[in-house]
Amino acid sequence: MKLLAAALLGVAVVASWAGGNALPIAASPACPRQDGPKFVGSKSCQKCHFQEHASWAKTKMALAFKALKPKEAVDAKKAAGLDPDKDYTKEAKCVACHVTGYGKPGGYPAIVEGKEWTAEEKERAPLMEGVGCENCHGPGEKYSPYKKDNKEYKWEDIAKLGAVHVDDKTCASCHNKDSPTFKEFDFKEKIGKDTHALIKMKKDHACDHKHMEGK
């Protein structure tokens with residue numbers, strides 16, 4: 001499957017911006033994965049998945065963090081009873097569903113009251129803003145280089161290295177009624193529209209999951 005966007009924890013206080021849709025993040029991945037792989041950021045995915053990355057960069061998912069800033073997503077915030085002039089980028093419950101890998105190794109650093117970020121965390125945070133590839137596809141530290149070096153890889157191989165197959169449960173970790181801007185949505189309709197372009201795969205890599213037709 002083509003790599004794009006993976007797992008976050010927490011409930012979004014502001015789960016979307018203009019349009020009122022919550023943003024999909026994977027807190028309970030559809031496929032099991034071992035502990036340990038770190039998040040490496042969407043830029044790492046871009047190297048091999050340029051078309052997907054380019055289309056994703058224009059979506060609400062990619063710009064999700066911006067929606068938390070003052071005077072952004074004004075209509076959506078007002079409709080949800082939120083203050084459009086407030087800076088929600090410091091609210092952990094909001095940020096969790098608007099960044100990549102919140103609180104996970106290599107991901108966006110957790111916001112903990114009374115605890116300062118390290119210099120490395122401050123440098124890393126801007127690179128993990130927005131709902132990135134790994135929120136849907138799993139932290140890429142291990143499976144990303146494996147795919148690059150093993151063009152004939154099998155799905156079961158990368159699943160063991162942290163890869164996650166996206167389904168409606170992936171999105172539901174943030175697309176749920178705990179979000180003040182939640183609206184019912186059709187998973188199949190959103191995939192390829194609000195995520196990234198679906199590029200036809202050259203190989204199926206012996207994937208044991210049902211793919212959308214032609215993908």
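The values are calculated or read from the model by the stated rules, or taken from the named source; none is laboratory data. From a predicted model like this one, the values you see are computed outputs, not experimental measurements. Neighbour counts are summed over all protein chains in view; Cβ atoms, including those assigned to glycine, are modelled from backbone coordinates with ideal geometry.
If you go through the stretch 81-97 and pick out every residue that is small (Gly, Ala, Ser) and surrounded by 18 or more Cβ atoms within 10 Å (Cβ to Cβ), you end up with 1. Here are 76, 62: which of them is closer than 22 Å to residue 173 by Cα, over 19 Å from the mean Cα position of the chain (by Cα), among the aliphatic types (A, V, I, L, M) and crowded, with 18+ Cβ neighbours inside 10 Å? Result of the check over 76, 62: 76.
Give, as residue ranges, the helices (runs of 4 or more DSSP H) completely inside the stretch 36-101 that count at least 1 residues that are touching a Cys at 6+ places or on another chain (Cβ under 8 Å) and at pLDDT 90 or above. Output list reads 42-46, 50-56. Considering only residues that are of a type in the set (S, T, N, Q) and part of a loop (DSSP other than H, G, I, E, B), look in the stretch 155-185 and name the one that is farthest from the chain's Cα centre (by Cα). So, considering only residues that are of a type in the set (S, T, N, Q) and part of a loop (DSSP other than H, G, I, E, B), the one farthest from the chain's Cα centre (by Cα) is 181. Scanning the stretch 37-59 for residues that are among the hydrophobic types (A, V, I, L, M, F, W, C) and under 13 Å from the mean Cα position of the chain (by Cα) turns up 39, 40, 45, 56, 57.
If you go through the stretch 98-128 and keep only what is crowded, with 20+ Cβ neighbours inside 10 Å and in contact with a Leu (Cβ under 9 Å, 6 or more places away or on another chain), you end up with 98, 99, 100, 101, 102, 104, 107, 108.
Conditions tested, residue by residue: (1) over 16 Å from residue 97 (Cβ atoms); (2) surrounded by 24 or more Cβ atoms within 10 Å (Cβ to Cβ); (3) modelled with pLDDT under 80.
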position: 150; (1), (2), (3): yes, no, no
position: 153; (1), (2), (3): yes, no, no
position: 156; (1), (2), (3): yes, no, no
position: 165; (1), (2), (3): yes, no, no
position: 177; (1), (2), (3): no, no, no
position: 183; (1), (2), (3): no, no, no
position: 202; (1), (2), (3): yes, no, yes
